[in-house]
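Following: one structure in structure tokens, then a few remarks.
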Amino acid sequence: MLLINKCSLLAPVLALGTTACFWGAADSTSPPGSLNLLAPSVGGLSDKKHYPVTFTWGRSSGATSYTLCRKNDAYSNNCESLGSTTELSLTLGLGGPLKNLLTDFFVLATNSGGSTASNTKSLTTQDLNTLISYIKASNTQTLDRFASSVSLSGDGNTVAVGARNEDSNATGINGDGSNDDDSAAGAVYVYRYADDSWSQQAYVKASNTGAGDLFGFSVSLSDDGNTLAVGAGWEDSNSTGINQDGSNDGAIDSGAAYVFRFSSGSWGEQAYIKASNTGGSDLFGASVSLSGDGNTLAVGAYAEDSDATGINGDGSNDNRSNTGAVYVYRFSGSSWSQQAYIKASNAGAEDYFGSPVTLSKNGSTLAVGADGEDSNATGINGDGSNDGASGAGAAYVYRFASGSWSEQAYIKASNTGGSDKFGYPVSLSDDGNTLAVGARGEDSNTTGINGDGSNDGASNAGAAYLYRFVNASWSEQAYIKASNTGSDDTFGHSLSVSGDGNTLVVGARWEDSDATGVKGDDSNDSASNAGAVYVYRFADANWSEQVYIKASNTGSDDYFGRAAAVSLSADGNTLAVGADEEDSIATGINGDGSDDSASGAGAVFIY
């Protein structure tokens, strides 16, 4: 039978949270009864990403079946079907709560005449908190700083977690991590989501593990989670280029990057990468970023010292301390090669260009932060030749076209201020046309979106800025502050933007409330430096804050949301957040996080 729309669409009715709106002929149904949700106790379940929850509803007269819907205007009747049944309840896994915090649910009662919608239901804070996954290292130890870096694959089903201070002398994949023989050598842990549960797939070490190398200081995953780049900015060999001898310590803290591939059921190291102009204390590998296909890699060396500017200049001198540089590599055929050596157009001493790097999905757009850059310019492509605002910071955008890289934009905050540290971190959308930039030292006391950023009433409160590339030019779209702006919260210390550029997550490493989970009370300062994360969505031509997120076991000095430890999946529906100073002694997945006997061990939380 052809269904006739009798009230246009569900959207206006569902927005009111009422019953009504039905399709059908004379034998149409009555609305189902009130929709409710039951969250079973956690019990011994190891998985929470698809944690089973039960929806119940009242009977609809005349109904022959019911469909549980997640409200989504991309689907017919606004119904993203979660399952159909003839019963009055449905138990299912919802997926991570990030998707569910930002939507409503309803039931369609159906017979041959049509469908009628129930009232809507949003998940409560208690509902959502049961869905948080809590991940610890398999070899948890005090001060390992697990989750000092975090990267989600584009599909949200793989997460790589760096533990920069992990101490074992193991090398390669799945070695013995039980010893502490190489202090702060570092390690990376890879977790996969499959068959409705998270599990550790690999414990990854460098092929040339060394004390103090901080392997895992930075990590980046490809979209499918099968390519992993790892930075070790304090690695010490004096080799240059690809897959050379890394056994010596001839250039202390020169740094290195490593590429691993997953093939035929196992991980293996594919490349050991050094700068073309390796130098002591350059910290090559302090930041890394992979393209979506895993075949383009950007590596930052924010303490590199040459006085070159632009693309492929002379990097052989050390005439300008800590200017910084970025190196771009491509994988073609069966090998990696360096494609570009990139410096800022206004390279200056102590600018720290390359402290963060981010690539677009296709590897043809690169954004680089320089949080020590000193000009007092504002906006896009201003005069960067002066040093009138020490430590204000800047971001740079590069495009690859016709076989070469070129600088497209030099970006400053709209309210540039000394020591604002604008440019750390940076994050690009998949198409490279949306850029988010953090400024953890920004000082205004405003709250929310596009407020007055001209005052310095809250020292180091922090801010984030959102830029769009439209009609061949970049412009600032939003100046974003926390809803609970506080001095020294360092909002903007971390951030990540979704693939479509319409979801933004911002971390505030030193935020102080004692709230837990999602939608908690952000008004107190009872847990100093606990940290928090804020989720923003762009809709109807405006940005707005959607939810305020804390750890499930919030503790003082856990630093939830630190730099390099916030990562969104491409669809914006899965979020990983690290807290590298979290203190529990738990190991593995969803253990007991209440025991704080491993200070600074670290943890990661999946939403």
(message) Being among the hydroxyl-bearing types (Ser, Thr, Tyr), crowded, with 17+ Cβ neighbours inside 10 Å, out of contact with any helix residue (DSSP H, G or I) (no Cβ under 7 Å at 6 or more places or on another chain) and in contact (Cβ under 8 Å) with a residue 24 or more places away in the chain is the requirement here; does Ser287 meet it?
(response) yes
(message) For Asn319, only one of the following conditions fails: (1) among the polar types (S, T, N, Q); (2) touching a residue at least 24 places away in the same chain (Cβ under 8 Å); (3) more than 18 Å from Gly216 (Cα to Cα). What is its number?
(response) (2)
(message) Against the condition in the same structural domain as Val259 (by TED's automatic domain parsing), assigned to a loop (DSSP other than H, G, I, E, B) and out of contact with any Pro (no Cβ under 6 Å at 6 or more places or on another chain), how does Ser220 come out, does it pass?
(response) no
(request) Select from segment 436-447 the residues that are surrounded by 24 or more Cβ atoms within 10 Å (Cβ to Cβ) and either modelled with pLDDT under 95 or of a type in the set (Asp, Glu) (or both) and list them in ascending order. (result) Glu442
(message) Please go through segment 434-462 and give me each residue that is under 22 Å from Gly354 (Cβ atoms) and not charged (D, E, K, R), ordered by number.
(response) Thr434, Leu435, Ala436, Val437, Gly438, Ala439, Gly441, Gly462
(message) What's the number of the only condition in (1) crowded, with 21+ Cβ neighbours inside 10 Å; (2) under 22 Å from Gln338 (Cα atoms) that Lys205 fails to meet?
(response) (2)
(message) Based on this model, can you work out whether Asp282 counts as of a type outside the set (S, T, N, Q), in the same structural domain as Gly432 (by TED's automatic domain parsing) and more than 24 Å from Gln270 (Cα to Cα)?
(response) no
(request) Return the pairs, sorted by first residue and then second, in which the second residue is of a type in the set (Val, Ile, Thr) and not in a strand (DSSP E or B), the first residue lies in segment 402-420 and is crowded, with 21+ Cβ neighbours inside 10 Å, the beta carbons are less than 6 Å apart, and the residues are 6+ apart or on different chains. (result) Lys412/Thr378; Thr416/Thr378
(request) Can you give me the number of residues within segment 316-346 that are surrounded by fewer than 16 Cβ atoms within 10 Å (Cβ to Cβ) and touching a Lys or Arg at 6+ places or on another chain (Cβ under 9 Å)? (result) 1
(request) Go through segment 445-469 and count every residue that is out of contact with any strand residue (DSSP E or B) (no Cβ under 6 Å at 6 or more places or on another chain) and more than 22 Å from Asn529 (Cβ to Cβ). (result) 7
(request) Exactly one condition in (1) surrounded by fewer than 24 Cβ atoms within 10 Å (Cβ to Cβ); (2) within 21 Å of Tyr424 (Cβ to Cβ); (3) not hydrophobic (A, V, I, L, M, F, W, C) is not met by Gly578; state its number. (result) (1)
(request) Among the residues of segment 510-557, count how many are more than 19 Å from Ala464 (Cα to Cα) and touching a helix residue (DSSP H, G or I) at 6+ places or on another chain (Cβ under 8 Å). (result) 6
(request) Answer yes or no as to whether Ala349 is assigned by TED's automatic domain parsing to the domain that holds Gly292, without any contact (Cβ under 8 Å) to a residue 40 or more places away in the chain and in contact with a Lys or Arg (Cβ under 6 Å, 6 or more places away or on another chain). (result) yes
(message) I'm checking my understanding of the structure. Among residues of segment 116-157 that are charged (D, E, K, R) and assigned to a loop (DSSP other than H, G, I, E, B), which one is modelled with the lowest pLDDT?
(response) Asp155
(message) For segment 326-339, check the following and say yes or no: at least one residue is free of Cβ contacts under 8 Å to residues at least 60 places away in the same chain and in a loop (DSSP other than H, G, I, E, B).
(response) yes
(message) Can you go through Ala436, Ala461 and tell me which one is touching a residue at least 40 places away in the same chain (Cβ under 8 Å) and on the phi < 0 side of the Ramachandran plot?
(response) Ala436
(message) Just the residues that are within 16 Å of Val328 (Cβ to Cβ) and either among the charged types (D, E, K, R) or under 26 Å from the mean Cα position of the chain (by Cα) (or both), please, taken from segment 257-281.
(response) Ala257, Val259, Ala271, Ile273, Lys274
(request) Would you be able to say whether some residue in segment 477-486 is surrounded by fewer than 20 Cβ atoms within 10 Å (Cβ to Cβ), hydroxyl-bearing (Ser, Thr, Tyr) and either at pLDDT 95 or above or not in a loop (DSSP other than H, G, I, E, B) (or both)? (result) yes
(request) Output the residues belonging to segment 512-545 that are surrounded by 18 or more Cβ atoms within 10 Å (Cβ to Cβ) and assigned to a strand (DSSP E or B). (result) Val518, Ala532, Val533, Tyr534, Val535, Tyr536, Phe538, Trp543, Glu545
(request) Can you give me the number of residues within segment 168-205 that are among the aliphatic types (A, V, I, L, M), in contact (Cβ under 8 Å) with a residue 60 or more places away in the chain and assigned to a loop (DSSP other than H, G, I, E, B)? (result) 0
(request) Test Thr227 against the stated conditions and say whether it is of a type in the set (Ser, Thr, Tyr), assigned by TED's automatic domain parsing to the domain that holds Ser355 and farther than 21 Å from Tyr203 by Cβ. (result) no
(message) Can you find a residue that is within 23 Å of the chain's Cα centre (by Cα) and either touching a residue at least 40 places away in the same chain (Cβ under 8 Å) or surrounded by fewer than 24 Cβ atoms within 10 Å (Cβ to Cβ) (or both) anywhere in segment 236-255?
(response) no
(request) Look through segment 448-476, keep the residues that are more than 14 Å from Val437 (Cβ to Cβ) and charged (D, E, K, R), and return whichever of them is surrounded by the most Cβ atoms within 10 Å (Cβ to Cβ). (result) Asp456
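The values are calculated or read from the model by the stated rules, or taken from the named source; none is laboratory data. None of these values were measured; they are calculated from a predicted model. Every residue, glycine among them, receives a Cβ derived from its backbone with ideal geometry; neighbour counts consider all protein chains shown.
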